[in-house]
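The values are calculated or read from the model by the stated rules, or taken from the named source; none is laboratory data. In this text the structure is predicted, and so the values were computed from the model without any measurement. Positions of Cβ are generated from backbone atoms using ideal geometry, with glycine treated the same way; all protein chains shown enter the neighbour counts. Note: areas computed on protein heavy atoms with side chains; ligands, DNA, RNA excluded. Shrake-Rupley method; radii C 1.70, N 1.55, O 1.52, S 1.80 Å.
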Amino acid sequence: MARKPTRIIEGAMFDGEIGPVSAQELIAMPESQWGLFRDRITDRHNGGEGVEARCLMCGTPVFIQSKVNNQERLPYFAHYRGGDVNCPWYNGKTKDPEQLRAVQYHGQQESFFHRAMCEKLAEVVQLDERYRKHRIDKYLPPKQNDNGRFPDIYVEWEGIGPFVIEFQLSHTFQTEISKRCIHYEREGIPLIWILSGIAPGSNIPQNFRDVIRRHRGNAFVFDHKASMASFANKTLMLSCLQMDELGELQPPVIVRFDKLFFPWNKLPYFKDRVIAPRLRLIRNTRKVWFDAFKHWDKKNYSDNMIQNALSTLPHEIPCTAVTMIAAVFSIVAEANGKPENFASGHENVKGMLNGYLMNNNGRLAPYVNLLTSLIRNTKTSGLLSGSVKSHFDRITREQATEESAEWKALKVLIPEVLDPLFRQELIYYGELPNWANPE
Ligand SMILES: [Zn+2]
């Protein structure tokens with residue numbers, strides 16, 4: 001005899017602080033806790049004090065049952081008898097699975113889940129003493145855009161200003177995500193996407209990854225733990241899963257909404273897992289060179305620290321190119337408002353460049369194109385006029401190209417300026433350093 005298909009109720013929404021509890025969260029609880037939930041649900045159902053929990057799919061009341069699996073007693077949600085037999089999560093005496101019916105149900109089930117989450121979040125944002133007002137799914141007239149939007153939840157807190165919460169469901173399309181991000185960025189209203197149904201690990205659908213990336217590698221979730229923490233602290237708190245270097249989500253930590261970073265594009269993050277780790281790596285590599293140049297006599301290429309610095313590069317470069325790197329570091333220091341000449345005894349960068357570009361045999365003569373590309377994209381772009389420009393123009397010898405080891409080395413050392421893709425990313429995230437921004 002064929003076994004009837006067993007469906008599991010993947011989550012339930014509880015009254016008050018308990019909030020949404022997923023099937024996984026329930027199973028992870030000790031029996032003392034899920035047993036208490038079970039008792040309180042039953043008490044309430046029998047007319048006493050307790051809590052109510054509703055199936056996140058169909059919205060009808062559920063209770064907690066248990067079954068023994070491998071000698072372990074595991075809790076799961078079940079619909080009450082007479083609950084919605086059309087619920088795709090219904091595991092009672094349905095005649096057949098009826099895939100089709102489940103599909104037809106889809107629009108409706110998501111709207112229950114969606115409404116339950118919106119109402120829970122609305123309850124939570126009102127716990128905060130700075131609360132002024134909120135709207136669920138109400139038209140928000142535009143200030144900067146042609147059209148308004150219907151944010152899932154719009155909130156105003158004293159001192160924090162307005163912010164918008166959107167729930168991302170598995171079928172939210174990339175274009176919709178993009179449109180909403182652009183809209184709220186223009187309106188100057190912080191926007192936080194709350195994801196549902198994600199767990200640590202790497203198996204995350206692309207449209208979720210898109211939102212996580214926009215939040216700098218942070219996935220925000222409103223789960224049972226976040227709900228409990230929000231009620232305990234009387235403010236909006238979220239579970240935050242951070243993406244590691246391999247693109248896998250780490251187990252969640254609980255974060256306060258008002259302690260997140262709110263960058264210019266209004267998509268907040270807890271820790272920048274996208275740009276910050278790469279900038280840190282670049283700074284660390286660069287520090288080896290800065291330290292070496294600080295003690296360098298500007299001639300001795302076999303200096304230990306210079307040799308050590310050379311080992312940070314992906315390709316071997318001619319030792320005389322060290323002077324060019326020192327010149328580039330001097331240009332960057334100048335652009336950063338901390339002028340220092342690492343390459344020569346000249347008084348300033350201009351003198352140094354002119355000194356090394358006297359003719360085709362000058363030490364910087366093979367790097368005019370490289371230096372031009374570099375300087376053009378920094379605060380020192382003004383150097384590309386006057387005496388330096390006329391020296392550049394006089395050089396006729398063959399130039400190092402982007403394929404040369406020297407250019408590749410500089411691309412690793414100063415990618416903010418010389419790696420066009422990385423530069424674009426920095427601009428996109430609003431993280432282009434000031435010194436790499438031409439005047
Ligand atoms: Zn249901």
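Scanning the chain for helices, which whole DSSP H stretches are 27 Å or more long along the axis (Cα) and average -1.0 or more by Kyte-Doolittle?
99-125, 276-295
At 1.4 Å probe size, with the rest of the protein present, what percent of the exposed accessible area of the range 11-97 is carbon and sulfur atoms?
Of all accessible area on the range 11-97, carbon and sulfur atoms account for 45 percent.
Rounded to the nearest whole Å², what accessible area per residue is found for the chain with the 1.4 Å probe?
Dividing the accessible area of the chain by its residue count gives 51 Å².
Calculate log10 I(q)/I(0) of the range 277-436 for q = 0.14, 0.20, 0.21 Å⁻¹, where I(q) comes from the Debye formula with a single equal point scatterer on each Cα and nothing for solvent.
Once normalised to I(0) and log-transformed, intensities are -0.67, -1.46, -1.62.
Could you tell me which residue out of LEU140, GLN250, LEU383 lies farthest along the dipole of the chain toward its positive end? Charges go on the beta carbon: Lys and Arg +1, Asp and Glu -1, centred on the Cα centre.
LEU383
Would you rank TYR90, TYR139 by solvent-accessible area, highest first, keeping every protein chain in place and using a 1.4 Å probe?
Largest to smallest exposure gives the sequence TYR139, TYR90.
With label points built 7 Å along Cα→Cβ from the Cα atoms of ASN434 and CYS319, find their separation and express it in nm.
For the pair ASN434/CYS319, the computed spacing is 3.9 nm.
Note the full-extension length gain between PHE261 and ILE136 as 0.36 nm times their separation in residues minus their Cα-Cα distance, in nm to one decimal.
42.6 nm
Rank these by accessible area, largest first, 1.4 Å probe: GLU31, GLU129, GLU334.
Putting GLU31, GLU129, GLU334 in descending order of accessible area: GLU129, GLU31, GLU334.
Using the C-alpha atoms of the range 11-97, what convex hull volume per residue, in cubic angstrom, is computed?
Dividing the Cα hull volume of the range 11-97 by its residues yields 105 Å³.
Any idea of VAL124's accessible area? Nearest 10 Å², probe 1.4 Å.
Near enough 0 Å² of accessible area.
Please report, as a whole percent, how much of the solvent-accessible surface of the range 112-274 comes from carbon and sulfur atoms (probe radius 1.4 Å).
Carbon and sulfur: 50 percent of the exposed surface of the range 112-274.
Which one of ALA229, TYR269, ILE212 has its Cα pushed farthest toward the positive end of the charge dipole of the range 112-274, where Lys and Arg give +1 and Asp and Glu give -1 at the Cβ?
Towards the positive end, the residue furthest out is TYR269.
What aspartates and glutamates does LYS338 reach when the alpha-carbon gap must be under 19 Å and sequence neighbours fewer than 8 apart in one chain are set aside?
Counting by Cα, and skipping residues close in sequence, LYS338 has these aspartates and glutamates nearby: ASP291, GLU347, GLU416, GLU439.
Restricting to the chain, compute how many DSSP beta bridges are antiparallel as a %, nearest 5.
Within the chain, antiparallel bridges account for around 85 percent of the total.
Grab the other residues whose beta carbon is less than 13 angstrom from that of GLU187, score K and R as +1, D and E as -1, and report the net.
Its environment carries a net charge of +4.
Got a number for carbon plus sulfur as a percent of the range 277-436's accessible area, 1.4 Å probe?
49 percent
Kindly state, to the nearest 0.05, the FRET efficiency for ASN361 paired with LYS271, given R0 = 56 Å and r defined as their beta-carbon distance.
After rounding, the FRET efficiency stands at 0.65.
Measuring from the lowest to the highest alpha carbon on each principal axis, how far does the chain reach, largest first, in angstroms?
94, 53, 41
Please report the relative contact order for the range 11-97, taking Cα pairs under 8 Å with a sequence separation of at least 6, and give it as a percent rounded to a whole number.
Computed value for the range 11-97: 24 percent relative contact order.
Could you tell me what a quarter of the Cα convex hull surface of the range 112-274 works out to, in nm² with one decimal place?
So the mean shadow area of the Cα hull is 8.9 nm².
Show which lysines lie in cross-link reach of LYS266 when reach means a straight Cα distance below 28 angstrom and same-chain residues fewer than eight apart are skipped.
Excluding near neighbours in sequence, the set is LYS120, LYS133, LYS138, LYS143, LYS179, LYS225, LYS234, LYS379.
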